[in-house]
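Peer 1: Shown below is the structure under consideration.
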Amino acid sequence: MDRKVVVPGDLLSEEAKRSGEGTFVKDGKVYSLLYGLANYRDRINVIPLAGKYVPAQGDNVIGIVKDITFSNWIVDINSPYDGLLHISEFPKRIESDEMSKYLRIGSSLMTKVKDVDPTMKVELTLNDRKLGLIKTGRVIEISHTRVPRLIGKGGSMISMLKKEVNCSIFVGQNGRIWINGGAEDMDLAIRTILLIEKEAHTNGLTDRIVDFLKKEKGARS
Amino acid sequence: MDETDITFFKDGFRLDGRRAEELRPVKMEVGVLARADGSCYIEMGGNKVIAAVYGPREVHPRHLQEVTRAIVRYRYNMASFSVEERKRPGPDRRSYELSKVSREALEPVILTSYFPRSVIDVFVEVLQADAGTRTAGINAAAVALADAGIPMKSMISACAAGKVDDTLVLDPMKEEDNFGQADLPIAMTPNGEITLIQMDGGLTPDELHQAVEMAMKGCRDIYEIQRKCLVEKYSQLEAPAEEVHACE
């Protein structure tokens, strides 16, 4: 794969139409907006190596309730912007004065970004079968820039990982990951995910992770 | 700017052995602070400066918040031990001004519209001063901003030119700054768009042109160092195959 470390302002291409994410066009030429890895495909994308999560519509995220107002739960989603979970987005009809019975301050939840408006008001929803309060398992945090690598092309990495470590895993686009399974399996899953995070910018990662898992499991039995 | 009895040149070399158009040695390290979102440590000659970037994050106090864009806050601060005579700690007239001009040197390249209602905080701490701390601070801050993953149209590099003994010099050091005739710090993008220019002392129009040219050349050299520093952070991790085995 053709990749290269670039810094903001680097010239990437002379063809304006190849401008992808993390780039901008000036005078018909494509430049990098970010410090990151430039990916040369049909379009040139620059993948950042750091940065804060900015919510986008349709993202699955893991949030922690930090306040309760009259009809909203205010949810920390590991971003400069707080999420708002309206009472009507709870799967069941509940009364305003009963809100803290269902989701208390400190509760972790798997949720989805329903809408983001231009002033960055973030609306969340729980109306989906796979969403809801987290009762068991563990939540870990990685940089959100590494999430695409953890999921892999078409979900290849994450489905391999789920099968190999025998755990349920929910990946939030905000870099929070929920893992549920046997204690030892969870340990292995966490170690593997942290390894993926550390080496996300390297080539041939999936193969190396497969080897790593094989070895770890061999050592256990 | 009185005439002093210091001789600035000896056989065409400056007090520290440099030629007139030569920079002091620059050392740069990126990602030195674990708690900050982005950071950079820089040494430019006798200057030692550390820059930390936080954000984009929520704005406090709330009334400073802008609905359509992120605000940028820049704090330039000198440690009390950074100069020969102990400096009274805390902000003063000089550091307010430097914070303002440095912020305005960096803001034009930051895409603040990507992060409405948020703030990008830049903290620059001068640990040791030896003339040219604002330029060192801007250089470090630009690298720290890139390290924090903040989208920018380009990098910013800064450098000063000065005049001593009726001769133009690049990157004046302390003696040249204190007893020289002029000091002209500039900051610019690698394409030569100037975002900061200040002048202390006096230059003729001709000298001014030459001095700006000289300082711009210095900025381009510094840009190469900034770039190299950032690129190296990730290329040294390119093939960490042995680390996989070390996890057993």
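The values are calculated or read from the model by the stated rules, or taken from the named source; none is laboratory data. Note that the structure is a prediction, hence the values are computed from the model and not measured. Every residue, glycine as well, gets a Cβ built from its backbone with ideal geometry; the counts of neighbours run over all protein chains shown.
Peer 1: Kindly provide the set of residues from segment B:1-33 that are loosely packed, with under 13 Cβ neighbours inside 10 Å and at pLDDT 95 or above, ordered by number.
Peer 2: Correct list: B:Pro25, B:Lys27.
Peer 1: Could you list, ordered by first residue, the pairs with Cβ atoms under 9 Å in which the first is in segment A:190-214 and more than 7 Å from every other protein chain (Cβ to nearest Cβ) and closer than 15 Å to A:Ser156 by Cα and the second is in a loop (DSSP other than H, G, I, E, B) and β-branched (Val, Ile, Thr), at least 6 apart or interchain?
Peer 2: A:Ile193/A:Ile142; A:Ile196/A:Ile142; A:Ala200/A:Ile142
Every residue, every condition in (1) within 14 Å of A:Leu194 (Cβ to Cβ); (2) buried (at least 16 other Cβ atoms within 10 Å of the Cβ); (3) modelled with pLDDT of 95 or more, yes or no:
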site: A:Thr145; (1), (2), (3): no, yes, no
site: A:Ile151; (1), (2), (3): no, yes, no
site: A:Leu161; (1), (2), (3): yes, yes, no
site: A:Glu164; (1), (2), (3): no, yes, no
site: A:Gly172; (1), (2), (3): no, yes, yes
site: A:Arg176; (1), (2), (3): yes, yes, yes
site: A:Ile179; (1), (2), (3): yes, yes, yes
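Peer 1: Oh, and also: Just one of (1) without any contact (Cβ under 8 Å) to a residue 40 or more places away in the chain; (2) within 14 Å of another protein chain (Cβ to nearest Cβ); (3) among the hydroxyl-bearing types (Ser, Thr, Tyr) trips up A:Ser143, so point out which.
Peer 2: (1)
Peer 1: Among the residues of segment A:198-205, is there at least one that is assigned to a helix (DSSP H, G or I), surrounded by fewer than 19 Cβ atoms within 10 Å (Cβ to Cβ) and of a type in the set (Gly, Ala, Ser)?
Peer 2: Checking segment A:198-205: not a single residue is assigned to a helix (DSSP H, G or I), surrounded by fewer than 19 Cβ atoms within 10 Å (Cβ to Cβ) and of a type in the set (Gly, Ala, Ser).
Peer 1: Quick check: anything in segment A:33-41 in the same structural domain as A:Met120 (by TED's automatic domain parsing), within 20 Å of the chain's Cα centre (by Cα) and of a type in the set (A, V, I, L, M, F, W, C)?
Peer 2: Checked segment A:33-41: no residue is in the same structural domain as A:Met120 (by TED's automatic domain parsing), within 20 Å of the chain's Cα centre (by Cα) and of a type in the set (A, V, I, L, M, F, W, C).
Peer 1: Moving to a separate point now. It is to be established whether one or more residues within segment B:33-53 are out of contact with any strand residue (DSSP E or B) (no Cβ under 9 Å at 6 or more places or on another chain), part of a loop (DSSP other than H, G, I, E, B) and among the aliphatic types (A, V, I, L, M). Let's see the steps before the verdict.
Peer 2: Just the residues of segment B:33-53 that are out of contact with any strand residue (DSSP E or B) (no Cβ under 9 Å at 6 or more places or on another chain), to begin with: B:34.
Retained after the next criterion (residues that are part of a loop (DSSP other than H, G, I, E, B)): B:34.
With the extra rule that they be among the aliphatic types (A, V, I, L, M), the set shrinks to B:34.
The answer is yes; a qualifying residue exists.
Peer 1: Could you please give the count of residues in segment B:174-193 that are touching an Asp or Glu at 6+ places or on another chain (Cβ under 7 Å), under 19 Å from B:Glu207 (Cβ atoms) and part of a helix (DSSP H, G or I)?
Peer 2: Qualifying residue count for the region: 1.
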